[in-house]
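The values are calculated or read from the model by the stated rules, or taken from the named source; none is laboratory data. Bear in mind that the values here come from a model prediction, so they are computed numbers and not experimental data. Every residue, glycine as well, gets a Cβ built from its backbone with ideal geometry; the counts of neighbours run over all protein chains shown. Ligands, DNA and RNA are stripped out before the accessible areas are found, and what is left, the full protein with its side chains, is counted by its heavy atoms. Shrake-Rupley method; radii C 1.70, N 1.55, O 1.52, S 1.80 Å.
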Amino acid sequence: MYAIGLCIDERYMLPALATVSSLANGLAPRERKEVALRVLALDLTAAHAVTLAQFARRLGFGSFDIRWCAPPAASRLVDAEYISITTYLRFQFSPAFVGRPYLIYVDSDILARGDLSVPLHDLPDGQMGAVQDEFIPQVGGTGHALPGVAERWPQLRDRVYFNAGVLWMPVAMLASIRAGVEEALVRCRRHILHNDQDALNLWLLSSQAVRPVNAVFNRFELGRFGERGNWVRRVVDRPVRSDPDAVLVHFVGPEKPWLANCPATEDVREYRAHLRATVRHVNGMGELGIEAAGGAR
């Protein structure tokens with residue numbers, strides 16, 4: 001048994017609903033009844049909460065709960081082009097709130113095509129699961145994550161750098177993960193650029209408490225970047241086109257598929273069709289629909 005966790009701010013209300021519905025689509029109806037949905041929020045309204053709860057119920061999830069909380073006091077938002085401080089809430093889940101042995105955390109800019117619980121099947125005790133970042137695969141290599149870490153600690157150069165957009169976590173580890181991230185925020189602030197993701201990787205580098213997960217469970221959508229230039233082809237060691245084997249497509253970067261200025265790649269068109277279906281589904285809830293909750297902004 002497991003819970004799916006999301007951290008949602010007001011700007012991401014509609015994409016979060018699309019994420020939740022895609023997660024439901026990846027499960028058989030009887031499997032959804034065994035899955036809990038947990039949401040942490042900073043600025044959602046009571047109307048948002050009611051919409052989320054009713055939508056989760058209509059989709060067939062067995063349990064739903066939402067809590068409002070604050071990020072760690074030392075949270076540092078450096079790269080803030082399209083990210084808010086809500087991103088740090090992913091480390092604020094507690095065992096009592098989750099109420100399941102495992103938590104699968106997902107960002108709200110993803111499209112799930114299948115069952116995300118598969119990596120839990122061989123997750124060892126005392127380790128969390130994460131996927132290697134496609135743009136920044138190693139410490140001290142391509143990209144600008146963890147500035148100065150490879151120079152300060154040469155033994156860490158070329159160690160795996162993980163993306164924080166999808167995480168598989170035993171709830172018994174939640175307190176350790178939170179403590180490790182908070183310590184990194186305090187002691188290694190000058191090495192943090194990509195916000196909570198860098199903080200998490202600093203802890204993982206010291207704890208080694210991570211099990212690499214197959215890339216198909218957090219596959220970046222690359223076509224949008226290929227439309228703007230050739231740099232992505234020099235950075236990523238795979239075709240820019242859509243990956244038919246991807247269990248989850250992650251729309252990283254500022255050009256989100258729900259925005260009008262986003263290039264209409266194959267994966268973006270798939271996402272938009274799913275988003276339209278989600279809007280119809282939610283609006284079928286009448287007074288609890290998207291407009292009533294303010295989620296169409």
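Here are some notes:
- Rounded to the nearest 10 Å², the accessible area of Met1 at probe 1.4 Å: 130 Å²
- Amide proton proximity set for Val252, modelled H, under 5 Å, gap of 5+: Glu221
- Close amide H partners of Phe64, meaning residues 5 or more places away or on another chain with modelled amide H under 5 Å apart, are Leu37.
- When both region 24-87 and region 210-263 are represented by their alpha-carbon centers, they are found 23 Å apart.
- Farthest toward positive dipole pole in the chain [+1 Lys/Arg, -1 Asp/Glu at C-beta], among Val131, Trp68, Phe55: Phe55
- Taking all protein chains as they are arranged and a probe of 1.4 Å, the heavy atoms of Leu42 leave approximately 70 Å² accessible to solvent.
- Cα centroid separation, region 95-110 to region 126-169 (Å): 22 Å
- Prolate/oblate/rounded call for region 244-288, Cα gyration tensor, a/c under 1.5 rounded: prolate
- Charge dipole magnitude, Cβ of K and R +1, D and E -1 - region 128-203, Cα centre, debye nearest 20: 240 debye
- Summarised as an ellipsoid, region 109-150 has semi-axes of 27, 16, 7 Å, derived from the eigenvalues of the Cα gyration tensor scaled by 5 and square-rooted, with the largest first.
- Estimated [θ] at 222 nm from DSSP helical runs (n ≥ 4, -39500 (n - 2.57)) normalised by residues in the chain, nearest 500: -9500 deg cm²/dmol
- Of the trypsin sites (Lys or Arg not before Pro) found in region 146-237, those in coil by DSSP whose Cβ has at most 14 other Cβ atoms within 10 Å are Arg157.
- Residues with amide H under 5 Å from that of Tyr2, placed H, sequence gap 5 or more: Ala36
- Carbon plus sulfur fraction of accessible area for the chain, probe 1.4 Å, in percent: 50 percent
- Dipole magnitude for region 206-276: about 120 debye, using +1 per Lys or Arg Cβ and -1 per Asp or Glu Cβ, origin at the Cα centre.
- Projecting the Cα atoms of Ala145, Pro239, Gly99 onto the dipole axis of the chain, where Lys and Arg carry +1 and Asp and Glu carry -1 at the beta carbon, places Gly99 farthest toward the positive end.
- Å² per residue, accessible surface of the chain at 1.4 Å: 43 Å²
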